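The values are calculated or read from the model by the stated rules, or taken from the named source; none is laboratory data. From a predicted model like this one, the values you see are computed outputs, not experimental measurements. Using ideal geometry, Cβ is built from the backbone for each residue, glycine included, and neighbour counts are taken over all protein chains shown.
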Amino acid sequence: MRRLRLSVRLGKGAFAEEEVARLRAWGAKLSQATSPVRDLDIAIEWLRAGKAGPGLVQECEQRRNQVWRRRRQLLRAVPVHLTTRLGRPRAGSKSEALILRRRRKLETRYREHLRRDLPVFFRLGEQDRHEFRRVVRWWRYLREAALPKRKLPKDALLAALLNLQEALGDIQNLALVDGALRQLTPSAELGELRRLLTRQQQAQSGKARQAMAALKSRLG
(Lines give C-alpha, C1' and ligand atoms only; values in the text may rest on other atoms or scores of the structure.)
Protein backbone atom coordinates (compact mmCIF):
# COMPACT_ATOMS: atom_id res chain seq x y z
CA MET A 1 0.00 0.00 0.00
CA ARG A 2 2.83 2.40 0.87
CA ARG A 3 4.58 1.74 -2.43
CA LEU A 4 1.34 2.23 -4.34
CA ARG A 5 0.74 5.55 -2.60
CA LEU A 6 4.29 6.67 -3.42
CA SER A 7 3.89 5.67 -7.08
CA VAL A 8 0.74 7.73 -7.40
CA ARG A 9 2.34 10.59 -5.49
CA LEU A 10 5.33 10.52 -7.83
CA GLY A 11 3.15 10.40 -10.93
CA LYS A 12 0.40 12.71 -9.75
CA GLY A 13 0.87 14.86 -12.85
CA ALA A 14 -0.36 11.88 -14.88
CA PHE A 15 -3.58 11.51 -12.85
CA ALA A 16 -6.53 13.70 -11.98
CA GLU A 17 -6.02 15.46 -8.64
CA GLU A 18 -9.32 14.10 -7.34
CA GLU A 19 -8.22 10.51 -8.00
CA VAL A 20 -4.91 11.02 -6.20
CA ALA A 21 -6.66 12.60 -3.21
CA ARG A 22 -9.19 9.76 -2.99
CA LEU A 23 -6.50 7.08 -3.07
CA ARG A 24 -4.49 8.85 -0.35
CA ALA A 25 -7.60 9.19 1.80
CA TRP A 26 -8.40 5.49 1.39
CA GLY A 27 -4.83 4.52 2.27
CA ALA A 28 -4.85 6.71 5.37
CA LYS A 29 -8.08 5.12 6.62
CA LEU A 30 -6.72 1.62 5.99
CA SER A 31 -3.55 2.44 7.92
CA GLN A 32 -5.52 3.90 10.84
CA ALA A 33 -7.71 0.79 10.98
CA THR A 34 -4.89 -1.76 10.91
CA SER A 35 -2.07 -0.06 12.86
CA PRO A 36 -3.30 -0.98 16.38
CA VAL A 37 -3.57 -4.64 15.34
CA ARG A 38 -0.11 -4.61 13.76
CA ASP A 39 1.34 -3.02 16.91
CA LEU A 40 0.05 -5.90 19.05
CA ASP A 41 1.28 -8.45 16.51
CA ILE A 42 4.76 -6.97 16.97
CA ALA A 43 4.45 -7.29 20.74
CA ILE A 44 3.31 -10.91 20.50
CA GLU A 45 6.23 -11.76 18.23
CA TRP A 46 8.64 -10.11 20.69
CA LEU A 47 7.18 -12.00 23.66
CA ARG A 48 7.59 -15.32 21.88
CA ALA A 49 11.16 -14.50 20.86
CA GLY A 50 11.93 -13.61 24.48
CA LYS A 51 10.59 -16.96 25.65
CA ALA A 52 7.72 -15.39 27.57
CA GLY A 53 5.42 -17.79 29.37
CA PRO A 54 2.18 -18.86 27.67
CA GLY A 55 0.11 -16.80 30.10
CA LEU A 56 1.58 -13.46 28.99
CA VAL A 57 1.43 -14.40 25.32
CA GLN A 58 -2.19 -15.47 25.65
CA GLU A 59 -3.15 -12.27 27.46
CA CYS A 60 -1.60 -10.19 24.68
CA GLU A 61 -3.24 -12.34 21.98
CA GLN A 62 -6.65 -11.88 23.60
CA ARG A 63 -6.19 -8.12 23.57
CA ARG A 64 -5.06 -8.27 19.95
CA ASN A 65 -8.11 -10.31 18.88
CA GLN A 66 -10.45 -7.89 20.63
CA VAL A 67 -8.90 -4.97 18.79
CA TRP A 68 -9.06 -6.85 15.49
CA ARG A 69 -12.76 -7.64 15.85
CA ARG A 70 -13.46 -3.93 16.26
CA ARG A 71 -11.08 -2.69 13.61
CA ARG A 72 -11.96 -5.15 10.87
CA GLN A 73 -15.36 -3.48 10.58
CA LEU A 74 -13.60 -0.30 9.45
CA LEU A 75 -11.85 -1.93 6.48
CA ARG A 76 -13.08 -0.91 3.04
CA ALA A 77 -11.84 -2.11 -0.31
CA VAL A 78 -10.42 0.52 -2.62
CA PRO A 79 -13.23 1.62 -5.05
CA VAL A 80 -13.05 -0.36 -8.28
CA HIS A 81 -13.63 2.66 -10.50
CA LEU A 82 -10.69 4.39 -8.82
CA THR A 83 -8.24 1.57 -9.52
CA THR A 84 -9.51 1.45 -13.10
CA ARG A 85 -8.77 5.14 -13.60
CA LEU A 86 -5.39 4.94 -11.91
CA GLY A 87 -4.56 2.02 -14.20
CA ARG A 88 -4.75 4.37 -17.17
CA PRO A 89 -2.39 7.29 -16.53
CA ARG A 90 -2.04 10.02 -19.09
CA ALA A 91 0.55 9.00 -21.66
CA GLY A 92 3.01 11.07 -23.62
CA SER A 93 6.32 12.89 -23.24
CA LYS A 94 4.69 15.69 -21.23
CA SER A 95 3.60 13.28 -18.51
CA GLU A 96 7.01 11.63 -18.50
CA ALA A 97 8.71 14.99 -18.07
CA LEU A 98 6.34 15.87 -15.23
CA ILE A 99 7.18 12.61 -13.45
CA LEU A 100 10.93 13.18 -13.86
CA ARG A 101 10.69 16.71 -12.47
CA ARG A 102 8.51 15.47 -9.64
CA ARG A 103 11.06 12.78 -8.74
CA ARG A 104 13.90 15.30 -8.65
CA LYS A 105 11.83 17.65 -6.52
CA LEU A 106 11.00 14.90 -4.02
CA GLU A 107 14.62 13.73 -3.86
CA THR A 108 15.80 17.27 -3.09
CA ARG A 109 13.13 17.68 -0.43
CA TYR A 110 14.00 14.36 1.23
CA ARG A 111 17.74 15.03 1.13
CA GLU A 112 17.39 18.43 2.79
CA HIS A 113 14.99 17.10 5.42
CA LEU A 114 17.44 14.38 6.47
CA ARG A 115 20.44 16.69 6.38
CA ARG A 116 18.62 19.03 8.75
CA ASP A 117 17.34 16.46 11.25
CA LEU A 118 20.03 13.76 11.26
CA PRO A 119 22.25 15.51 13.85
CA VAL A 120 19.34 16.12 16.25
CA PHE A 121 17.14 13.08 15.73
CA PHE A 122 17.26 11.90 19.35
CA ARG A 123 16.26 15.37 20.54
CA LEU A 124 13.20 15.57 18.28
CA GLY A 125 9.64 15.18 19.52
CA GLU A 126 7.73 12.04 18.65
CA GLN A 127 5.84 13.64 15.75
CA ASP A 128 9.05 14.93 14.17
CA ARG A 129 10.69 11.51 14.65
CA HIS A 130 7.73 9.92 12.90
CA GLU A 131 8.10 12.34 10.00
CA PHE A 132 11.86 11.61 9.84
CA ARG A 133 11.23 7.85 9.64
CA ARG A 134 8.64 8.41 6.94
CA VAL A 135 11.04 10.50 4.84
CA VAL A 136 13.71 7.78 5.09
CA ARG A 137 11.15 5.20 3.92
CA TRP A 138 9.80 7.36 1.10
CA TRP A 139 13.29 8.12 -0.25
CA ARG A 140 14.27 4.47 -0.10
CA TYR A 141 11.16 3.48 -2.11
CA LEU A 142 11.72 6.35 -4.54
CA ARG A 143 15.33 5.38 -5.18
CA GLU A 144 14.37 1.73 -5.69
CA ALA A 145 11.79 2.81 -8.26
CA ALA A 146 14.23 5.10 -10.08
CA LEU A 147 17.22 2.77 -10.41
CA PRO A 148 17.56 -0.16 -12.81
CA LYS A 149 17.28 -3.46 -10.95
CA ARG A 150 20.85 -4.43 -11.82
CA LYS A 151 22.15 -1.35 -9.97
CA LEU A 152 20.12 -1.79 -6.78
CA PRO A 153 22.52 -4.17 -4.95
CA LYS A 154 25.53 -1.86 -5.51
CA ASP A 155 23.93 1.50 -4.73
CA ALA A 156 25.60 2.87 -1.59
CA LEU A 157 22.94 5.51 -0.87
CA LEU A 158 20.13 2.98 -1.11
CA ALA A 159 22.00 0.65 1.25
CA ALA A 160 22.46 3.48 3.76
CA LEU A 161 18.77 4.40 3.58
CA LEU A 162 17.72 0.78 4.00
CA ASN A 163 20.01 0.23 6.99
CA LEU A 164 18.71 3.35 8.70
CA GLN A 165 15.10 2.49 7.95
CA GLU A 166 15.53 -0.93 9.53
CA ALA A 167 17.36 0.47 12.57
CA LEU A 168 14.71 3.12 13.19
CA GLY A 169 11.97 0.59 12.57
CA ASP A 170 13.42 -1.66 15.27
CA ILE A 171 13.50 1.26 17.70
CA GLN A 172 9.87 2.02 16.93
CA ASN A 173 8.88 -1.63 17.31
CA LEU A 174 10.53 -1.82 20.73
CA ALA A 175 8.63 1.30 21.76
CA LEU A 176 5.39 -0.39 20.68
CA VAL A 177 6.34 -3.47 22.71
CA ASP A 178 6.93 -1.23 25.73
CA GLY A 179 3.44 0.21 25.37
CA ALA A 180 1.90 -3.27 25.08
CA LEU A 181 3.76 -4.59 28.14
CA ARG A 182 2.43 -1.72 30.25
CA GLN A 183 -1.08 -3.02 29.64
CA LEU A 184 -0.36 -6.57 30.82
CA THR A 185 -0.93 -7.88 34.34
CA PRO A 186 2.14 -7.06 36.52
CA SER A 187 4.28 -10.04 37.58
CA ALA A 188 7.89 -10.99 38.28
CA GLU A 189 8.15 -12.47 34.80
CA LEU A 190 6.85 -9.26 33.23
CA GLY A 191 9.40 -7.25 35.24
CA GLU A 192 12.24 -9.37 33.89
CA LEU A 193 10.96 -8.96 30.34
CA ARG A 194 10.81 -5.20 30.77
CA ARG A 195 14.47 -5.16 31.86
CA LEU A 196 15.32 -7.21 28.75
CA LEU A 197 13.44 -4.70 26.64
CA THR A 198 15.40 -1.81 28.15
CA ARG A 199 18.71 -3.50 27.27
CA GLN A 200 17.53 -4.08 23.72
CA GLN A 201 16.43 -0.45 23.35
CA GLN A 202 19.85 0.78 24.46
CA ALA A 203 21.61 -1.54 22.01
CA GLN A 204 19.31 -0.54 19.16
CA SER A 205 19.93 3.15 19.77
CA GLY A 206 23.62 2.48 19.22
CA LYS A 207 22.91 0.72 15.93
CA ALA A 208 20.72 3.58 14.79
CA ARG A 209 23.47 6.11 15.52
CA GLN A 210 25.89 4.09 13.40
CA ALA A 211 23.36 3.93 10.55
CA MET A 212 22.81 7.70 10.81
CA ALA A 213 26.53 8.36 10.62
CA ALA A 214 26.79 6.19 7.50
CA LEU A 215 23.93 8.04 5.80
CA LYS A 216 25.31 11.42 6.82
CA SER A 217 28.58 10.63 5.05
CA ARG A 218 26.59 9.85 1.88
CA LEU A 219 24.64 13.10 2.01
CA GLY A 220 27.80 15.22 2.23
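Some values worked out for this structure:
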read-out: Positions within the range 9-24 being of a type in the set (A, V, I, L, M), under 12 Å from Leu82 (Cα atoms) and in a helix (DSSP H, G or I), in sequence order; value: Val20, Ala21, Leu23
read-out: Inter-residue pairs, beta-carbon under 7 Å, first within 23 Å of Arg69 (Cβ to Cβ) and in the range 13-37, second of a type outside the set (Lys, Arg) and assigned to a helix (DSSP H, G or I), 6+ apart; value: Ala33/Leu74; Pro36/Val67; Val37/Val67; Val37/Trp68
read-out: Helices (runs of 4 or more DSSP H) enclosed by the range 35-146 - at least 2 residues per element that are under 18 Å from Asp178 (Cβ atoms); value: 54-71, 126-146
read-out: Top-ranked residue of the range 171-186 - restricted to ones that are more than 17 Å from the chain's Cα centre (by Cα) and free of Cβ contacts under 8 Å to residues at least 60 places away in the same chain, ranked as nearest to Arg102 (Cα to Cα); value: Asp178
read-out: Residue list for the range 89-108, restricted to those being touching a Phe, Trp or Tyr at 6+ places or on another chain (Cβ under 9 Å) and at pLDDT 75 or above; value: Leu106, Glu107
read-out: Complete set of residues in the range 135-170 that are without any contact (Cβ under 8 Å) to a residue 60 or more places away in the chain, surrounded by fewer than 17 Cβ atoms within 10 Å (Cβ to Cβ), hydrophobic (A, V, I, L, M, F, W, C) and closer than 18 Å to Gln210 by Cα; value: Ala159
read-out: Candidate set from the range 73-100 (those that are of a type outside the set (A, V, I, L, M) and in contact (Cβ under 8 Å) with a residue 12 or more places away in the chain); member that is surrounded by the fewest Cβ atoms within 10 Å (Cβ to Cβ); value: Arg76
